[in-house]
Each structure stands twice: as C-alpha cells, then as structure tokens.
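Here's the structure we're looking at; comments come further down.
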Amino acid sequence: MLRPERRTPLDIVIVVVLVVIVAASAVAIWATSSAQNTESDPAALAAAEPAEATSVPLAFTEAWRATSSATATPVAIGGVVVTGDGGAVVGHDPATGAALWSYTRDIPLCTVTGWSAGGRDYAIAIYRNSRGCSEVTALDAATGKRASSRSSDADNSLDISFDRDYVVAQGDTRLEAWRTDLVRTIEYGRVDAPVNPGTQPRSGCEFVSSGVGSSRIAVIERCGIEPGYRLTILGATLDNDEKLQEFASTIITGELGTPPRIVAVNQTGVTLYVSSPSPMLETYGADGTIKNRTTVLGDPIGIESKPITSGDVITFWTGKATVVIDPVTLEARFQVPETLGPGVVMAGSLLLPSATGISEHNLTNGQPIRSIPVERAGYNGGIITLADIGNQLVQQWDSTVSVLAPAQ
C-alpha cells in the first residue's frame, strides 16, 4: 500500500505563489483586452428588414440626422442605419433615429462599414490603438451583438472594400483580406514577422487604392524608383503552397501624378478611373493588359470618391459626373453630368444626389425622369453619398448622416 505524499511548508508556499501569479496574469490580460472598457448594449429583438420600395416617393422630407465621422459612406443594413463617432457605434431605427443598440469602446474608431456576407448582415467597426487601426469587431447589424473580432498590425488609416465573400482592409503599406469570421486569408506589403519568408513579391511599396470582387483583389501601388503607378491583381486566398497568388502586375502610367483609383473588380479584369492626362475609365484584363478606354467627364486633379454597388450596377462619381458601370463587362453604360456623388437603385430607378436634391433616372440609359427637391441644411459643398433602406434614403456629407423619408 502506497503511503500518501507528504507536503512540506515550502511546497505549500510555492503553490500559493503560483496561484497568485496566475491570478495576477489573468487580471492583467483582462484589463488590457478589448473586453475591458467596452460597453455593449445589444437590442433585445432583431430589427425588422423593411420591405423594398415598389415606387420612388414623389417627395422626401428629412426625418432625422446624426453625426457619423467614422463612416465614409452611409451604412444602412440589417434593418438599421449605423453611425460611428468617437468610440461609439450605434444602430438606429431608420424611421425615428432612436438608438436600437450600441457598442462603445474607450479608443477611437478608424472606420465603420456595413457588410452582407454568408447570409448575414454585419456592421464592421475598426478601432485605433498603438498598433494602428488594428482592433476589428463584427457586430450583427440587426441586434448589435458581437459576432467575431480580430487584432493585428495595421496602418494608421484604412480604406475598406468588400464583396460577398471577403473584406479588404488597405493601408499605406500593408493590405489584408478577411473572410466572414474575420480570419485573415492574405496579407500583402509590409509584414513584420512573416511565417513563410519570400512569399511577398515586392517590398517597400505605397498602396493608394484597392478593390475586391470574385475572389480577386486589385491594388494600385507606387513602388520605389518606378516611373509610374503599378496595377497588381492578387487572389483573395493563398495557393496550395501557402504563397500569394499574383495573377498580374504591371506599370500602367508613365508618371507619378494623380494616382488611378480602383472602380470595379471581377475575375475577368479591373476598371480604373484615371484623371490624368484626361479623365477616363480604363479596363484591364485579368492578365493586366489594357482592354478599353472610355473618356468621361471628370476632375483632372482627382477625387476621393468610392464606388457604390446597388442593384445590378456600380456607380462612381468623377467629380463632374456619375458613371454607371456594368459589373460583368466592367465597362461604362452611361454617365450623368452635374451630380454630387454616386447613386443607388430604388424601385428600378437610379437615384443620384444633385444640387437641388435627388434626381431620378432611367436605369437602362440614364435619361432623366424627374427631380425631387431636398433641402440640406448645413451642407457646404463636396461629395454626397446615398444608401437606401425600404422607401427611405440615407445621405451623407462630411460627418453628417441625414435620413430622408417619404413626405406625407
């Protein structure tokens, strides 16, 4: 019969010290984690998705407005209008503006965007800490409940693009793609601790624009002493050898003036907006060779517009006109001059922001149907972007989100 092991006073002291160390470590991890100093107030019931509009309202009136400095375009998704300001992300009732849910941290937001993927609607909130815009949280848009999160090295500002499968977060020196659970599928550019050295085709480049579509990522780069901007087309996932898939990479301009901007991407190619030497859309094949050039009205000094996908079209504002692009051929269908931003499709019509309000156009050929007057108190110029939710329109300029409801 084995005799029980006897513990000495020293053994007991060691055990107590270890327990104290483990407990202290747990407290330290909790105190520095994203759970600390986070206030989450989800909705008890999911917001109802409003029915699609069956006709364009005859008139609009402003129902409410809010400040949203962290959204580049208005976010209307999952039955709510989402705003981001300071450290707070809020899901609003589109009819009244009342807060249905909120998620707040004690660090500043970099950006907030909406993403529909995998049959779910998300509000993607990206926060800034000492590692840049590196703290990412996906919130269920209808309830505000946290769905997933991630943290990694990042630049101090990010440009976000997405399709139905991937989000691309592009900074000045590095780019990442995430799938629906926010797991990273590729990283490109500056990699501090590469798991597999030699997988990056170039280093030291500056990224100026990007886009994603059909599992392809297009990037405009400025690399070293190269005389012009470079277009690179990547796969959104690694190949079987855990390396980046680079389908094409070529210098596309002869000078380093105003950089081109990615407008549309799919498996067959990429469309860019080029403002210099003259405004035009350029379409490149999947191998990086030029396929088509279309002259458009545009601002020769470049603009900060983002392409908007709505209905079955992509719209892009050039600073002088809104160009409507076919998502399959990637070529321009038509352009509408004297607009103030990209547009949205409602009840089969194209709605665009104009100096007097909202203009309605035929979606096939761009012919004007009518103009709907809208007052914009506090608007002092610049781009206006739109989103639709049911029969309401959401418009944003600067940090102002203004929700338009059908006039009674």
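The values are calculated or read from the model by the stated rules, or taken from the named source; none is laboratory data. No experiment lies behind these values; they were computed from the predicted model shown. Positions of Cβ are generated from backbone atoms using ideal geometry, with glycine treated the same way; all protein chains shown enter the neighbour counts.
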Cross-chain or 6+ apart pairs with Cβ under 8 Å, the stretch 175-189 first and farther than 22 Å from Asp121 by Cβ, then crowded, with 24+ Cβ neighbours inside 10 Å and among the aromatic types (Phe, Trp, Tyr): Leu175/Tyr188
Please give the strands (runs of 3 or more DSSP E) falling wholly within the stretch 239-282 in which 3 or more residues are of a type in the set (Val, Ile, Thr). 261-266, 269-274
Members of the stretch 158-183 found to be assigned to a loop (DSSP other than H, G, I, E, B), within 23 Å of Arg222 (Cβ to Cβ) and touching a Ser or Thr at 6+ places or on another chain (Cβ under 8 Å), listed by number: Leu158, Gly171, Asp172
Let me spell it out: the conditions are (1) without any contact (Cβ under 8 Å) to a residue 60 or more places away in the chain; (2) crowded, with 20+ Cβ neighbours inside 10 Å; (3) not charged (D, E, K, R), and Thr137 meets all of them except one. Which number is the exception? (1)
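Residue-by-condition table, conditions (1) modelled with pLDDT of 95 or more; (2) assigned to a strand (DSSP E or B); (3) of a type in the set (Phe, Trp, Tyr); (4) touching a helix residue (DSSP H, G or I) at 6+ places or on another chain (Cβ under 9 Å):
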residue: Ile14; (1), (2), (3), (4): no, no, no, no
residue: Leu18; (1), (2), (3), (4): no, no, no, no
residue: Ser34; (1), (2), (3), (4): no, no, no, no
residue: Glu39; (1), (2), (3), (4): yes, yes, no, no
residue: Ala43; (1), (2), (3), (4): yes, no, no, no
residue: Ala63; (1), (2), (3), (4): yes, yes, no, no
residue: Val89; (1), (2), (3), (4): yes, yes, no, no
residue: Pro94; (1), (2), (3), (4): yes, no, no, no
Filter the stretch 232-268 down to the residues that are in contact with a Ser or Thr (Cβ under 6 Å, 6 or more places away or on another chain) and either at pLDDT 95 or above or of a type in the set (Asp, Glu) (or both) and list them by number. Thr232, Ala236, Thr237, Ser249, Arg261, Ile262, Val263, Ala264, Asn266, Gln267
Checking the structure you have, find out if any residue of the stretch 362-382 is under 13 Å from Pro57 (Cα atoms), of a type in the set (Val, Ile, Thr) and within 26 Å of the chain's Cα centre (by Cα). no
Only residues that are under 16 Å from Ser40 (Cβ atoms), over 17 Å from the mean Cα position of the chain (by Cα) and of a type in the set (D, E, K, R): list them for the stretch 80-135, please. Arg105, Asp106
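I'd like the residue in the stretch 136-162 that is acidic (Asp, Glu) and over 12 Å from Tyr122 (Cβ atoms) and, out of all such residues, is nearest to the chain's Cα centre (by Cα). So that I can check it myself, show each step before the final result.
Our first condition is that a residue be acidic (Asp, Glu); within the stretch 136-162, this holds for 140, 153, 155, 159.
Okay, now just the ones that are also over 12 Å from Tyr122 (Cβ atoms), so 153, 155, 159.
Details: Asp153: 18, Asp155: 15, Asp159: 6 Å.
Filtering the stretch 136-162 for residues that are acidic (Asp, Glu) and over 12 Å from Tyr122 (Cβ atoms), the one nearest to the chain's Cα centre (by Cα) comes out as Asp159.
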Report, ordered by the first and then the second residue, all pairs with beta carbons closer than 7 Å, sequence separation of six or more or different chains, a first member in the stretch 108-124 that is under 15 Å from Gln170 (Cβ atoms), and a second member that is surrounded by fewer than 21 Cβ atoms within 10 Å (Cβ to Cβ) and of a type in the set (Lys, Arg). Cys110/Arg128
Show the residue pairs meeting these rules: Cβ distance below 8 Å; 6+ apart or different chains; first residue within the stretch 259-286 and under 14 Å from Ile233 (Cβ atoms); second residue part of a strand (DSSP E or B) and of a type in the set (Asp, Glu). Pro260/Glu282; Thr271/Glu282; Leu272/Glu282
The lone condition Ser210 fails out of (1) crowded, with 23+ Cβ neighbours inside 10 Å; (2) modelled with pLDDT under 95 is (2)
Being within 14 Å of Ala248 (Cα to Cα), among the hydrophobic types (A, V, I, L, M, F, W, C) and surrounded by 20 or more Cβ atoms within 10 Å (Cβ to Cβ) is the filter here, so list the residues in the stretch 264-303 that pass it. Val265, Val270
What is the residue count in the stretch 131-184 for residues that are closer than 22 Å to Gly204 by Cβ and polar (S, T, N, Q)? 6
Looking at this structure, is Ile124 outside any strand (DSSP E or B) and either modelled with pLDDT under 95 or more than 17 Å from Ala405 (Cβ to Cβ) (or both)? no
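I'd like to check which strands (runs of 3 or more DSSP E) are fully inside the stretch 315-372 and have at least 1 residues that are modelled with pLDDT of 95 or more and buried (at least 24 other Cβ atoms within 10 Å of the Cβ).
Answer list for the stretch 315-372: 321-325, 344-346, 349-353, 357-362.
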